[in-house]
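Participant: Before I ask anything, here is the structure I am working with.
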There are 2 protein chains.
Amino acid sequence: MKVKQITFAARPSGLPDVSVFRFDEVELPPLQEGDVHLKGLYYSVDPYMRGRMNDVKSYSPPFRLEQPMEGGVVAEVVESKDSRFRPGDTVLGPYLPWAQEFVIGGDKFQKIDTSLAPPSYFLGILGMPGLTAYFGLLDIGKPKAGETLVVSGAAGAVGLVVGQLGKQLGCRVVGIAGTDDKIRMLKEEYGFDEAVNYHTPDLAAEIGKACPDGIDIYFDNVGGKVTDAVFKHLNFFARIPLCGQISSYNATSEPVGPRIQPVMLTLSILMQGFIVRNYGARFAEGIQYLAPLVKSGKLKFTETVVEGFEKLPDALLGLFAGKNTGKMIVKA
Amino acid sequence: MKVKQITFAARPSGLPDVSVFRFDEVELPPLQEGDVHLKGLYYSVDPYMRGRMNDVKSYSPPFRLEQPMEGGVVAEVVESKDSRFRPGDTVLGPYLPWAQEFVIGGDKFQKIDTSLAPPSYFLGILGMPGLTAYFGLLDIGKPKAGETLVVSGAAGAVGLVVGQLGKQLGCRVVGIAGTDDKIRMLKEEYGFDEAVNYHTPDLAAEIGKACPDGIDIYFDNVGGKVTDAVFKHLNFFARIPLCGQISSYNATSEPVGPRIQPVMLTLSILMQGFIVRNYGARFAEGIQYLAPLVKSGKLKFTETVVEGFEKLPDALLGLFAGKNTGKMIVKA
């Protein structure tokens, strides 16, 4: 049986385009003992994948040339030679191949409980982005009622969760995003106290207006000039969970900007880079916290669903143009 | 009775010179109830004082124009209308005026135990610099045996203590300093495993050679290009106690450099700005840790002692030219 696969064909410099990917037809191998035949249902595209296209030391190993792209995938079991799985089961793996169907060892994925939420949510609010928001905000940001929380990339998969959790914990929440539609959505649908479009001519002044008591927590997904503007308004003992730097992922030279250490020193500020995998031992705690909030409707979640396996490259590239609201996924 | 006082006469731009200070003769006021008449013995000069010359929000309030300079002073009680103090007592205050003698409320200083160490040490190893080293290294750096610790400004008052504490805790310790004499001293007298002169043409390569297993803790006193070089060698989960940024204190424009967030994110790095006053409630713990080490000779300490009250301005300015080894103090 032949299926389509998306192969990582070339390391990009700067902003990648579709030439990075190649569609191949591959033959599925026969199942060995312990193997499972999976059919992809939902494929996750995430900003961190840009980093894996480079051949540098990072938290995730670089994608290997001439191998399939890989990422978070929700899949259905077609056939199983692993006793833990039966045909029809829904499973999730963090590093499954971008292929329509594939044969892989049963230790590479886990069953998910689809009574908690629709399957695609395990790539979003109950998956990497939701857990990233939960651990980054609570463990590093340590929000206290009455504090001001600013989140950049606020309309993205992580940002939407950060803002809502901040509201529930009693913070004044200010989001930063890139379109007026997103700004409206943050305030009207997600309950943010204020939202600022980073295309405004004087971003620092707008952030200042939105944060009259200064900023106690800056949950940073983007970096760059947005961060420069936020830094003008940080309070003593501010905390900065450093979650993403999408503004620099496609940089071809070392990004340069104002040095942040003088301000961090003067105001006793904490910055902590992190990835969700650092909290791997505590995922159950995070899902336990988030799932009831999702089920009761207290935590809203938006997906941008692109239909069609062959749209995966475009969907991933679209992240760097801000084409997603909330979690971007591809439905096979 | 008239005494000499050093008045803060003008806010500098960039590197200050002596025109910032003015020598005045002032009359001592009569003592009110609760007042104490003190005679200065040792005056501390510290890099952080440059920040107080600017009129900006910081951890210490700006120096006030036309008021005396102030800082850490060890003094002797001449006369007391506060029952806690008697003539002859040796006391220490963090914000006492730069005057030969002065009258001040008894709540502005505390007695020191001169059986623990010579009085001047309470401005150094058992005072602000020693406690800064202790809390920054142990509380933020969290050193583990076998890790590599790099300290910049290694031959300064804080750096010398950081390096020695790191060695006692089982770290490989590498110091960065600015003269070959300091480099020799760090290795031969203070037991640093390696020391690097930051004037070397390829600083990043030299640091790499001195840190074959990468860097787990970077105790930063200086910032700027030294930090840029250190950043090339940081390990996953590195910790950066951010203690000083002397390279930028005299900057007249906003310092610019490589953005550090991409590396901090990729490697899950922690950076925490701090000042010793954040640990005010735990000073006794710090002194208890340090004093026996000093007494037993396990913790060495160097002072650069300048003689003469009128040398205070030159001594302070000398810090920015690296003229001190260890703690710089002025003896009246």
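The values are calculated or read from the model by the stated rules, or taken from the named source; none is laboratory data. Because the structure is a prediction, the values reported are computed rather than measured. Every residue, glycine as well, gets a Cβ built from its backbone with ideal geometry; the counts of neighbours run over all protein chains shown. Ligands, DNA and RNA are excluded from the accessible area calculation, which covers all protein heavy atoms including side chains. Shrake-Rupley method; radii C 1.70, N 1.55, O 1.52, S 1.80 Å.
Participant: Run A:Y279 past the list (1) out of contact with any strand residue (DSSP E or B) (no Cβ under 7 Å at 6 or more places or on another chain); (2) open to solvent by 60 Å² or more (accessible area, probe 1.4 Å); (3) of a type outside the set (D, E) and report the number of the one that doesn't hold.
Facilitator: Going through (1) out of contact with any strand residue (DSSP E or B) (no Cβ under 7 Å at 6 or more places or on another chain); (2) open to solvent by 60 Å² or more (accessible area, probe 1.4 Å); (3) of a type outside the set (D, E) one by one, A:Y279 breaks only (2).
Participant: Condition test on B:R86, is it touching a strand residue (DSSP E or B) at 6+ places or on another chain (Cβ under 8 Å), over 17 Å from B:R277 (Cα atoms) and of a type in the set (K, R)?
Facilitator: yes
So that you can scan it fast, the table gives a plain yes or no per residue for (1) among the hydroxyl-bearing types (S, T, Y); (2) without any contact (Cβ under 8 Å) to a residue 60 or more places away in the chain; (3) over 30 Å from A:D139 (Cβ atoms); (4) within 13 Å of chain A (Cβ to nearest Cβ):
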position	(1), (2), (3), (4)
B:Y249	yes, no, yes, yes
B:P255	no, yes, yes, yes
B:L270	no, no, no, yes
B:G280	no, yes, no, yes
B:Y289	yes, no, no, no
B:K300	no, no, yes, no
B:F320	no, no, yes, no
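Participant: I'm checking my understanding of the structure. Among residues of region A:246-262 that are closer than 22 Å to B:P241 by Cα and of a type outside the set (A, V, I, L, M, F, W, C), which one is farthest from the chain's Cα centre (by Cα)?
Facilitator: Among residues in region A:246-262 that are closer than 22 Å to B:P241 by Cα and of a type outside the set (A, V, I, L, M, F, W, C), the one farthest from the chain's Cα centre (by Cα) is A:P262.
Conditions (1) touching a strand residue (DSSP E or B) at 6+ places or on another chain (Cβ under 7 Å); (2) assigned by TED's automatic domain parsing to the domain that holds B:G40; (3) farther than 14 Å from B:E194 by Cα, marked per residue:
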residue	(1), (2), (3)
B:G106	yes, yes, yes
B:L137	yes, no, yes
B:L149	yes, no, no
B:V174	yes, no, no
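Participant: Can you tell me which residue among B:V196, B:V151, B:V161, B:V174 is at pLDDT 95 or above, of a type in the set (V, I, T) and touching a Pro at 6+ places or on another chain (Cβ under 7 Å)?
Facilitator: B:V161
Participant: Look at region A:189-212 and say how many of its residues are in a loop (DSSP other than H, G, I, E, B) and either within 14 Å of chain B (Cβ to nearest Cβ) or closer than 21 Å to A:Y134 by Cβ (or both).
Facilitator: Residues that pass the stated criteria total 5.
Participant: Looking only at region B:108-126, count how many residues are in contact (Cβ under 8 Å) with a residue 60 or more places away in the chain and either open to solvent by 20 Å² or more (accessible area, probe 1.4 Å) or in contact with a strand residue (DSSP E or B) (Cβ under 7 Å, 6 or more places away or on another chain) (or both).
Facilitator: Summing the residues that are in contact (Cβ under 8 Å) with a residue 60 or more places away in the chain and either open to solvent by 20 Å² or more (accessible area, probe 1.4 Å) or in contact with a strand residue (DSSP E or B) (Cβ under 7 Å, 6 or more places away or on another chain) (or both) in region B:108-126 gives 7.
Participant: In region B:14-46, what residues are in a loop (DSSP other than H, G, I, E, B) and under 16 Å from B:K311 (Cα atoms)?
Facilitator: Scanning region B:14-46 gives B:P16, B:D17, B:V45, B:D46.
Participant: Suppose we keep only residues that are facing chain A (nearest Cβ under 10 Å) and open to solvent by less than 20 Å² (accessible area, probe 1.4 Å) within region B:222-233. Which one would you say is farthest from B:S58 (Cα to Cα)?
Facilitator: Looking at the filtered set, the residue picked out is B:T227.
Participant: On to the next question. Search region B:56-89 for residues being open to solvent by 30 Å² or more (accessible area, probe 1.4 Å) and part of a strand (DSSP E or B), and hand back the single one that is nearest to the other protein chains (Cβ to nearest Cβ).
Facilitator: The selected residue is B:E70.
Participant: A further question follows. A:G175 - would you say it is in contact with a helix residue (DSSP H, G or I) (Cβ under 9 Å, 6 or more places away or on another chain) and under 24 Å from A:A284 (Cβ atoms)?
Facilitator: No: the conditions fail for A:G175.
Participant: For the structure I just gave you, tell me whether A:G141 is open to solvent by less than 10 Å² (accessible area, probe 1.4 Å) and not assigned by TED's automatic domain parsing to the domain that holds A:E76.
Facilitator: Answer is yes for this residue.
Participant: What number of residues within region B:245-265 are touching a strand residue (DSSP E or B) at 6+ places or on another chain (Cβ under 7 Å) and crowded, with 21+ Cβ neighbours inside 10 Å?
Facilitator: Residues that pass the stated criteria total 4.
Participant: Follow-up. Restricted to region A:93-105, and to residues that are modelled with pLDDT under 95 and of a type outside the set (F, W, Y), which residue is least open to solvent (accessible area, probe 1.4 Å)?
Facilitator: The extreme case among them is A:G93.
Participant: What single numbered condition from (1) in contact (Cβ under 8 Å) with a residue 24 or more places away in the chain; (2) outside the structural domain of A:G136 (by TED's automatic domain parsing); (3) among the aliphatic types (A, V, I, L, M) fails to hold for A:V230?
Facilitator: Every condition holds for A:V230 apart from (2).
Participant: Still on this structure, please answer the following. Could you say which residue among B:L149, B:L96 is in contact with a Gly (Cβ under 9 Å, 6 or more places away or on another chain), assigned to a strand (DSSP E or B) and closer than 30 Å to B:H233 by Cα?
Facilitator: Selected residue: B:L149, the only one of B:L149, B:L96 that is in contact with a Gly (Cβ under 9 Å, 6 or more places away or on another chain), assigned to a strand (DSSP E or B) and closer than 30 Å to B:H233 by Cα.
Participant: Would a scan of region B:128-137 turn up a residue that is open to solvent by 10 Å² or more (accessible area, probe 1.4 Å), out of contact with any helix residue (DSSP H, G or I) (no Cβ under 9 Å at 6 or more places or on another chain) and on the phi < 0 side of the Ramachandran plot?
Facilitator: Looking through region B:128-137, none of the residues is open to solvent by 10 Å² or more (accessible area, probe 1.4 Å), out of contact with any helix residue (DSSP H, G or I) (no Cβ under 9 Å at 6 or more places or on another chain) and on the phi < 0 side of the Ramachandran plot.
Participant: I need a count of the residues in region A:235-244 that are at the interface with another protein chain (Cβ under 10 Å from one of its Cβ atoms) and open to solvent by less than 10 Å² (accessible area, probe 1.4 Å).
Facilitator: Of the residues in that region, 4 qualify.
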